[in-house]
Amino acid sequence: RLQESRERLSVLSKLCYAVGGAPYQITGCALGFFLQIFLLDVAQLDAFYASIILFVGRAWDAITDPMVGFFISKSSWTCLGRLMPWIIFSTPFAVTSYILIWFVPDISRGQVMWYLVFYCIFQTLVTCFHVPYSALTMFISREQSERDSATAYRMTVEVLGTVLGTAIQGQIVGKVDTPCIESPLFIGVTNSSVALEELNMTHDTGSLTETRNAYMIAAVVIGGLYILCALILWAGVREKRESSELQSDEPVSFFQGLKLVMNHGAYIKLIAGFLFTSLGFMLLEGNFALFCTYTLGFRNEFQNILLAIMLSATLTIPFWQWFLTRFGKKTAVYVGNSSAIPFLILVAVLDSNLIVTYIVAVAAGISVAAAFLLPWSMLPDVVDDFKLQHPSSHGHEAIFFSFYVFFTKFTSGVSLGISTLSLDFAGYQTRGCSQPSEVNFTLKMLVSAVPVVLILLGLLLFKLYPIDEEKRRKNKKALQDLRQESNSSSESDNTELASIV
């Protein structure tokens, strides 16, 4: 009990730790929901080039996670800790590159390279923030209950961060009407190319400039929040060195650790399950703005619908934390993820109706909350299970977290690139006021049928995950016994040394 009381975290420490998770979610949500529609309708890139930017950016983001995990595993302890320097020094450069993503350069050529370069730079720098921050979970306390509690705080703030990202980006951009062009098929002229050229010349370019300025204002506001959250994290959280680290500061072999981690069955089964469920929600996120704008016809309402999803998710995080404590984490996975399926089907089957869409948005938000909370609550359990099986191997926490993010991001990059490319094949019209029926059908598939199939596949894979509540309790007790043995051994060594002296 004395050991547990020393490991207890104050509410202030948990809050400061939780605030550190907001920058990744604020920027990620803004990019996830709005970058596709920004590239297509504001920067006016061809859908093919937009798909390349989205795929390469996400794929590069995935590659940087294990790279950063490797360098973190080689990092030595400093006065700020081993993980905190990565978080602090990457922040100003990440904010600068993020703002430049939303800038439309006045150049006739090279726009594709502009967005591709700065998107990749930002993804690298935000990885330097998020991977060490994720691994920090294992160093704020050795008590599993305290880590779970801190994770619940973190998930609440992170989902609140998605609300902020959606609200700031959506409300600032939503106040400006992005100009669109009527399809020449509905105009009584014979030469459609001439009609499009005339419409482009006579259209109100001032409105497009206002839209671009709105995106820049939103980017600056979000960048300011990023810096503020990083400062709060640095001021309120201190890393705790594990007793094993105190015995030896020799660098850990990354590739040997990677081999051990990838051979750990519980970890592979966990990331396989979350890979498919996360992929379903990411497809929904990436295409939902276009789906609301064109398929449902809510051009001026989609930012409010997105806000309803994120507010619902934020308010239900405490419920899911109670649920997983009461009924177990595996049960929470099944209930939380499957609850989204009927509503995803409903929004695609029913005719466009604003009230029904808001009801579906609130219901989907409840499931999104579970999808946010559960991976980060279950990963520490896998790390503890690994420690019991490999008690002499230390310092692999960053590998667990970085490779989970790697697999998720890489597959989401592939899926988002393919989904944007499929819109191009379906005949997506840049800045069009309406889209062909093929595009609307494709959007329905991308936000309904495909996510439902992916979620079901993920839930089937979770059947193989071996760490249930009984196994988790046994692991907790075994770890406590190991630490007591380690402390007793350390104390006896010190006593023996003192007697010799």
Checking Ser75 against (1) touching a Leu at 6+ places or on another chain (Cβ under 9 Å); (2) in contact (Cβ under 8 Å) with a residue 40 or more places away in the chain, only one condition comes out false. Which one? (2)
Under 8 Å between Cβ atoms, at least 6 apart or on separate chains: pull out the pairs that start in the stretch 347-360 with a residue that is farther than 14 Å from Phe441 by Cα and end on any residue that is among the charged types (D, E, K, R) and not in a helix (DSSP H, G or I). Leu354/Glu301
Go through the stretch 67-115 and give me each residue that's polar (S, T, N, Q), touching a Pro at 6+ places or on another chain (Cβ under 9 Å) and open to solvent by 70 Å² or more (accessible area, probe 1.4 Å). Ser76
Of Asn287, Asn304, the only residue that is touching a residue at least 40 places away in the same chain (Cβ under 8 Å) and in contact with a Ser or Thr (Cβ under 9 Å, 6 or more places away or on another chain) is Asn287
Among Val159, Val126, Val117, Val173, which is the only one that is among the β-branched types (Val, Ile, Thr) and either touching a Ser or Thr at 6+ places or on another chain (Cβ under 6 Å) or in the same structural domain as Phe302 (by the TED database) (or both)? Val159
Check on Gly297, in contact (Cβ under 8 Å) with a residue 40 or more places away in the chain and at positive phi: yes
Looking at Val447, is it within 22 Å of Trp60 (Cβ to Cβ) and either touching a Cys at 6+ places or on another chain (Cβ under 8 Å) or of a type outside the set (S, T, N, Q) (or both)? no
Considering residues that are crowded, with 22+ Cβ neighbours inside 10 Å and within 17 Å of the chain's Cα centre (by Cα), the number found within the stretch 33-59 is 7
Between Leu460, Leu482, which is open to solvent by 50 Å² or more (accessible area, probe 1.4 Å), in a helix (DSSP H, G or I), aliphatic (A, V, I, L, M) and without any contact (Cβ under 8 Å) to a residue 60 or more places away in the chain? Leu460
Please state which of the following conditions Val382 fails to meet, knowing it meets all the rest: (1) over 29 Å from Ala308 (Cβ atoms); (2) outside any helix (DSSP H, G or I); (3) open to solvent by less than 40 Å² (accessible area, probe 1.4 Å). (2)
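Residue-by-condition table, conditions (1) farther than 21 Å from Met67 by Cβ; (2) at pLDDT below 80; (3) not assigned by the TED database to the domain that holds Gln36:
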| position | (1), (2), (3) |
| --- | --- |
| Ser412 | no, yes, yes |
| Leu421 | yes, no, yes |
| Arg431 | yes, yes, yes |
| Pro436 | yes, no, yes |
| Thr442 | yes, no, yes |
Options Pro318, Pro380: the member that is farther than 30 Å from Asp481 by Cβ, of a type outside the set (A, V, I, L, M) and modelled with pLDDT of 80 or more: Pro318
Are any of the residues in the stretch 359-372 surrounded by fewer than 22 Cβ atoms within 10 Å (Cβ to Cβ) and of a type in the set (Phe, Trp, Tyr)? no
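One line per residue, one yes/no per condition, for (1) crowded, with 17+ Cβ neighbours inside 10 Å; (2) more than 30 Å from Arg82 (Cα to Cα):
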position	(1), (2)
Lys409	yes, no
Cys433	no, yes
Ser437	no, yes
Asn440	yes, yes
Val447	yes, yes
Val450	yes, yes
Leu464	no, yes
Asp468	no, yes
Arg472	yes, no
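The values are calculated or read from the model by the stated rules, or taken from the named source; none is laboratory data. This structure is a prediction, so every number in the text was calculated from the model and none was measured. Glycine also receives a Cβ, built like all others from the backbone with ideal geometry; neighbour counts cover every protein chain displayed. For the accessible areas, the whole protein counts, side chains as well, though only heavy atoms, and no ligand, DNA or RNA atoms are used. Shrake-Rupley method; radii C 1.70, N 1.55, O 1.52, S 1.80 Å.
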